[in-house]
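Take a look at the structure below.
The values are calculated or read from the model by the stated rules, or taken from the named source; none is laboratory data. Because the structure is predicted, anything quoted here is derived from the model rather than measured. Note that each Cβ is placed from the backbone with ideal geometry, even for glycine, and that neighbours are counted across all protein chains shown.
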Amino acid sequence: MVAELVNAINKVSIDHKNFSENFYSTIIPMNLKKTRISDIVSECGQKYDTDFIHLYIKYIEAVNLHSLDYYLDVDKTKIEVRHRSKQKESALSKIHLYRVVKSGDGKYAIQKSLNDLFGIRLIIDTEIGYDELEEKIKSSADLQCKLFQTYVRTDGEYKALHMYIKGEGNSYFPWEIQIWRQSDESSNESSHALHKSKRTHIQSVIEY
């Protein structure tokens, strides 16, 4: 199972690299590690850095098109693959959330906060714990890419392994990989729906 997951992660990394290189072939990149949320939107959330917003929207539009015919070539008898791209309204509201709602005065690196514009979910039938899966994947000799960030997320009923790929530099928006065990699928889906409804409520309050 670990070998199949590593193979899938390698393929996502290659796709991320190809997509990013093509996207930035005609666009001037930004350093997403040094740029923070507070650099692109004012404290009150009313003034935005137009260069970044134009870049951000173009990326969202491109990754949404990419999502339409996305296919990850893995053994479907061992791994169920799902994917999604963030819609423009949701992606823009996330900037507002990190600048206005969350504490910290927007001192969040773009690279770490806007890190799930495209996401792949790998669902597997295993009893191996997420901590063990994380260690086995990271230490695998077959892993051909550098993982930007990995952590086991436990939030109420939600349990999963999250991993992020960003490429070698700091210009590319990261992609998110979620690894779920089948035994957690039902509770994770319910938790995700609850989280999404809360975020929608928060955004509606902000707009009001």
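For residues that are surrounded by 17 or more Cβ atoms within 10 Å (Cβ to Cβ) and not in a strand (DSSP E or B), scanning just the stretch 73-89, find the one that is farthest from the chain's Cα centre (by Cα).
VAL74
Of everything in the stretch 140-170 that's hydroxyl-bearing (Ser, Thr, Tyr) and at pLDDT below 95, which residue is surrounded by the fewest Cβ atoms within 10 Å (Cβ to Cβ)?
From the stretch 140-170, those hydroxyl-bearing (Ser, Thr, Tyr) are 140, 150-151, 154, 158, 164; that's our starting set.
Retained after the next criterion (residues that are at pLDDT below 95): 154, 158.
On the way: THR154: 10, TYR158: 17.
The residue in question is THR154.
Within the set of pairs 6+ apart or on separate chains, which have a first residue in the stretch 57-68 that is touching a residue at least 12 places away in the same chain (Cβ under 8 Å) and closer than 16 Å to HIS83 by Cα, a second that is buried (at least 16 other Cβ atoms within 10 Å of the Cβ) and hydroxyl-bearing (Ser, Thr, Tyr), and C-beta atoms under 8 Å apart?
Taking only residues 6 or more apart or on different chains, the pairs are ILE60/SER85; VAL63/SER85; ASN64/SER85; HIS66/SER85; SER67/SER85.
Quick one: would you say ILE137 is in contact (Cβ under 8 Å) with a residue 40 or more places away in the chain, touching a Phe, Trp or Tyr at 6+ places or on another chain (Cβ under 9 Å) and either buried (at least 18 other Cβ atoms within 10 Å of the Cβ) or not charged (D, E, K, R) (or both)?
no
Residues that are more than 17 Å from ASN170 (Cβ to Cβ) and within 15 Å of the chain's Cα centre (by Cα): does the stretch 48-60 have at least one?
Yes, the stretch 48-60 contains at least one residue that is more than 17 Å from ASN170 (Cβ to Cβ) and within 15 Å of the chain's Cα centre (by Cα).
Here is a list: LEU32, LEU5. Which entry is assigned to a loop (DSSP other than H, G, I, E, B), closer than 28 Å to ARG121 by Cβ and touching a Leu at 6+ places or on another chain (Cβ under 9 Å)? Break it down stepwise before answering.
Numbers: LEU5 fails: assigned to a loop (DSSP other than H, G, I, E, B).
Residue meeting the stated conditions: LEU32.
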